[in-house]
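First the structure, in the form of structure tokens, and then the observations on it.
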Amino acid sequence: MIDETHDPGLESWVDSANRPGCDFPIQNLPLGVFRTPDNGQPRIGTAIGDFVLDASEWIRGETLNGYMALAQQERREIRRQLSKALAKGSERRELIPQASCEMLLPAAIGDYTDFYASIHHATNVGSMFRPDNPLLPNYKHLPVAYHGRSSTIVVSGTPVQRPSGQLGAGVFGASKELDYELELGIFLGPGNRLGEPVAIEAASEQIAGVCLLNDWSARDIQRWEYQPLGPFLAKNFATSVSPWLITWEALAPFRVPPVEHDTPVLPYLQSQSETALDITLEVWLRAAGMPRATRISSSHVRDLYWTVPQMIAHHSSNGCALRPGDLLGSGTVSGPEKSNRGCLLELTWKGAEPLELAPGIVRRFLENGDEVVFSGYCERDGFRRIGFGSCSGMIFPGPQ
Ligand code: CA
């Protein structure tokens with residue numbers, strides 16, 4: 001629902017929030033968990049311009065799980081109050097510079113499920129391995145996913161160790177084909193009881209908000225281990241998420257009709273409401289030794305074949321219980337053009353088309369010291385642009 005909190009004319013008494021292009025204007029109000037050098041207690045805050053406002057007055061706790069468990073109406077009310085407190089004309093409050101905050105994971109994540117919702121990614125990857133038959137027969141009938149591992153989800157900025165694993169029969173060693181996957185992360189809201197599926201028209205009430213997600217992947221380990229049960233150690237060594245939860249309410253102006261399906265889906269996956277999200281995602285790579293990062297791709301969440309409500313309706317269709325703080329990954333967000341490819345496997349076509357970042361600096365896969373940074377934003381005529389902050393990770397070598 002679009003309301004007064006989305007009014008593009010609304011300004012904050014925090015000057016940096018009114019700067020054009022700022023990720024965190026008063027129309028955004030993302031939530032995160034932070035602590036400071038002089039107060040080690042984790043607490044909930046909202047990002048505004050270059051600052052954080054302690055939001056403990058409205059949301060208590062050391063994680064956002066309690067907030068995520070609230071009904072949509074209650075979450076909307078909290079947004080209204082935060083907006084009022086930060087609007088021009090309201091009494092100034094104490095702010096903490098973002099630069100002095102240590103951001104923590106937004107939630108205690110119980111379960112993590114990774115989807116495969118981009119038909120462009122599925123087609124690209126499928127055609128590398130099965131040129132005649134890139135899409136498997138189930139693709140247009142259900143949103144394919146696997147269960148990931150929550151114990152290795154880390155917040156942006158955490159260094160990522162290059163994994164070792166089996167690379168073939170009788171071969172164990174450090175992965176030589178380390179990759180990132182550009183994904184949208186989705187934190188779930190109140191959840192459902194075991195045995196009670198979520199109807200698709202009620203599924204959006206289960207979305208607490210979204211973030212940037214990097215599903216780090218070791219392609220050589222993956223290629224050897226994945227049949228017949230799917231990804232395992234190639235993907236569960238690290239998953240990075242951005243610290244700020246962009247709430248479902250903040251995304252209200254950026255919901256768009258989903259892409260057309262040429263194959264009809266079963267009724268439990270059919271929705272009458274606009275449920276796709278218009279979010280632009282970008283990948284920046286700072287190769288070891290380079291002074292700054294270069295943008296290497298950008299893609300659009302609206303190009304996903306499956307919407308988030310379809311993922312939720314499908315996930316719970318067998319009665320599987322979803323809980324507040326559970327995390328979904330969209331799967332690599334790729335698009336129709338080469339510049340839209342959301343991982344190096346696609347961008348360099350399995351290493352056959354290396355990426356030249358600067359004269360003499362070429363990448364097929366990630367090397368030690370490389371830093372991958374994701375960013376994201378929503379913009380639409382008549383509304384204020386909102387940004388996601390960033391999700392970064394630098395690769396360091398594992399034990400030899
Ligand atoms: Ca993935």
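The values are calculated or read from the model by the stated rules, or taken from the named source; none is laboratory data. Fair warning: this is a prediction, and the values are worked out from it, not measured in the lab. Here the Cβ positions follow ideal geometry from the backbone for every residue, glycine too, while neighbour counts run over all protein chains shown.
Mind listing just one residue for me: the one in the range 115-134 that is assigned to a loop (DSSP other than H, G, I, E, B) and more than 16 Å from the ligand (Cβ to nearest atom) and, of those, modelled with the lowest pLDDT?
So the residue we want is Arg130.
(1) in a loop (DSSP other than H, G, I, E, B); (2) surrounded by fewer than 23 Cβ atoms within 10 Å (Cβ to Cβ); (3) not small (Gly, Ala, Ser): which one isn't true of Glu282, the others all being true?
(1)
Quick check on my filter: what residues within the range 280-318 are within 25 Å of Thr263 (Cα to Cα) and under 16 Å from the mean Cα position of the chain (by Cα)?
Scanning the range 280-318 gives Ser299, His300, Val301, Arg302, Asp303, Leu304, Trp306, Thr307, Val308, Pro309, Met311, Ile312.
Yes or no: Phe232 out of contact with any strand residue (DSSP E or B) (no Cβ under 8 Å at 6 or more places or on another chain) and of a type outside the set (Gly, Ala, Ser)?
For Phe232, the condition - out of contact with any strand residue (DSSP E or B) (no Cβ under 8 Å at 6 or more places or on another chain) and of a type outside the set (Gly, Ala, Ser) - is met.
Could you list all residues from the range 218-266 that are charged (D, E, K, R), part of a loop (DSSP other than H, G, I, E, B) and away from the ligand (no atom under 14 Å from the Cβ)?
Hits for the range 218-266 are Glu249, Glu260, Asp262.
Of all the residues that make up the range 191-217, how many are within 16 Å of the ligand (Cβ to nearest atom), within 13 Å of the chain's Cα centre (by Cα) and in a strand (DSSP E or B)?
So the count comes out to 5.
Being out of contact with any Lys or Arg (no Cβ under 9 Å at 6 or more places or on another chain), of a type in the set (S, T, N, Q) and touching a residue at least 40 places away in the same chain (Cβ under 8 Å) is the filter; apply it to the range 193-239 and report the residue that is farthest from Ser392 (Cα to Cα).
Across the range 193-239, the extreme among qualifying residues is Gln206.
Answer yes or no as to whether Gln227 is at pLDDT below 95 and over 22 Å from Ser317 (Cβ atoms).
yes
I'd like to verify a number: residues in the range 220-253 that are under 17 Å from Glu181 (Cα atoms), touching a Leu at 6+ places or on another chain (Cβ under 9 Å) and surrounded by fewer than 19 Cβ atoms within 10 Å (Cβ to Cβ), how many?
Residues meeting the conditions: 1.
Please find, among Gly369, Gly351, the residue that is under 14 Å from Ala293 (Cα atoms), assigned to a loop (DSSP other than H, G, I, E, B) and touching a residue at least 40 places away in the same chain (Cβ under 8 Å).
Criteria check complete, one pass: Gly369.
Return the residue satisfying two criteria in turn: it lies in the range 307-344 and is in contact with a His (Cβ under 9 Å, 6 or more places away or on another chain) and not in a loop (DSSP other than H, G, I, E, B), and of such residues it is nearest to the ligand (Cβ to nearest atom).
Only one residue fits best here, namely Leu328.
Might you let me know whether the range 370-382 holds any residue that is within 26 Å of Ile246 (Cβ to Cβ) and touching a His at 6+ places or on another chain (Cβ under 7 Å)?
No, the conditions are met nowhere in the range 370-382.
Could you please find all residues in the range 316-334 being surrounded by 24 or more Cβ atoms within 10 Å (Cβ to Cβ) and not polar (S, T, N, Q)?
The answer is Gly325, Asp326, Leu327, Leu328, Gly329, Gly331, Val333.
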